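The values are calculated or read from the model by the stated rules, or taken from the named source; none is laboratory data. What you see is a predicted model; the values in this text were computed from it and never measured. Don't worry about glycine lacking a Cβ; one is built from the backbone with ideal geometry, like all the others, and counts go over all protein chains shown. All accessible areas refer to the heavy atoms of the entire protein, side chains included, with ligands and DNA or RNA removed. Shrake-Rupley method; radii C 1.70, N 1.55, O 1.52, S 1.80 Å.
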Amino acid sequence: MEVKKIDCPLCESPKGIPIHQEGPFQMVKCPSCQFIYLNPRPTEEALHEFYQKYLPEEERSVESWHKMMGPVFKRAAHLLQRFQAKGRLMDVGTGFGFFLSEMKKRGWEVMGVEISQRGLNYARDRLAVNVYPGPLEKAGLPEGHFDGVTAFYVIEHLPDPIAFLRECHRILKPGGLLLLRYPHTTPIKNLLRLLGIENQLYDLPAHLSDFSPETLQRLLEKVGFDSCEHFIGGYTFPDNLGKRISSFLFGNLSEGLFYLSGKKFLFPGVSKTVLAFKKRIG
Ligand SMILES: [Zn+2]
């Protein structure tokens, strides 16, 4: 796989402090903005090719993928509808289209983009949802068109996350809602290292970044989003501090166990979700 060296994708600092090495790949931490990213990393052509084979092909694997993601999609649908009235929805990196299919059943007008031809064909032919070839920035979507934009486990795969967030912001209506779900690996990684357990939790070279809620919020504000709400695991954020801490630890631990088990052990309540709103006019 062809690789290249880059400057920090968020602040353009040329320095990066190595924090994890895996074959030719290295995760580094930017000393000026604290962002954790892959450097060197595969070129964009190499990534495009990589993603043509990323989604499973056999019917059985597609079904088990659906089973694994089903509960995540149901909870996200519920969350989206709590904060936004039914309307037009764009799902970025829609995979096989299961989330769009769920939202269509709930009465949303749905559309997706996907770079994997395999995913796109499945979504179109089997689930009858509108999916366009990605990436999002090249889909030529109209400005101010969508009530909701969602992206599940997408932002950590993108070479230019700022361009992606700008485009999400552009295509949303004023008052529109962005929902992102993403892994946050570094805390569990550090915890395991403290315990003397070496691991490959970063999922390289597929994941190009490891976002924290703080970094993501800064970026969302930078591209113009208004208020942000963060959710952990099963989308709960208890008022009680003790419960919040255990929910945080539990979420990260469960994610760790999932990867350590070769993506077989799926605890409920992994990863993080952020909601961000585009400013209303006036
Ligand atoms: Zn930086």
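Observations
- Selection of GluC sites (Glu not before Pro), the stretch 111-183, meeting DSSP coil and at most 15 other Cβ within 10 Å: GLU143
- Taking amide H as placed 1.01 Å from N in the peptide plane, TRP108 has no amide H partner under 5 Å among residues 5 or more places away or on another chain.
- Calculated log₁₀ intensity ratio I(q)/I(0) where the Debye formula runs over C-alpha points of the chain, q = 0.14 Å⁻¹: -1.09
- Taken about its Cα centre, the stretch 1-112 carries a charge dipole of about 700 debye when Lys and Arg each add +1 at the Cβ and Asp and Glu each add -1 at the Cβ.
- The value for the stretch 100-192 of Rg(Cα) / (2.2 N^0.38 Å) is 1.20.
- Listed by chain and number, the lysines whose C-alpha is less than 16 Å from the C-alpha of LYS278, apart from same-chain residues fewer than 8 away, are LYS173, LYS222.
- Computed from phi, the 3J(HN,Hα) profile of the stretch 82-90 under the Karplus parametrisation 6.51, -1.76, 1.60 (θ = phi - 60°) reads 6, 10, 9, 6, 3, x, 8, 10, 10 Hz, with x in place of Gly and Pro.
- Amide H within-cut-off set for LYS272, under 5 Å, with H built and near neighbours excluded: TYR182, HIS184, GLY233
- Residues whose amide H comes within less than 5 Å of that of VAL3, counting only those at least five positions distant or on another chain, are THR43 (H built at 1.01 Å from N in the peptide plane).
- Pairs of lysines in the stretch 1-154 whose Cα atoms sit within less than 22 Å of one another amount to 15, provided the residues are eight or more positions apart or on different chains.
- Helix-only CD estimate at 222 nm, as mean residue ellipticity for the chain, using -39500 (n - 2.57) per DSSP H run (n ≥ 4): -11500 deg cm²/dmol
- Across all directions, the shadow cast by the convex hull of the stretch 1-118 built on its C-alpha atoms averages 9.9 square nanometres.
- With protein chains left intact and a 1.4 Å probe, residues in the chain average 48 Å² of accessible area per residue.
- Annotation for the stretch 5-60: GluC sites (Glu not before Pro) lying in DSSP loop with at most 12 further Cβ atoms inside 10 Å of their Cβ are GLU12, GLU57, GLU58.
- By a 1.4 Å probe calculation restricted to protein chains, PHE98 has an accessible surface near 20 Å², given to the nearest 10.
- Each residue of the stretch 72-79 was assigned a 3J(HN,Hα) from its phi angle through the Karplus expression (A = 6.51, B = -1.76, C = 1.60, θ = phi - 60°), giving 4, 5, 5, 5, 5, 4, 4, 5 Hz with x at Gly and Pro.
- Only protein atoms count toward the accessible area here, which uses a 1.4 Å probe; on the chain, the carbon and sulfur part of that area reaches 55 percent.
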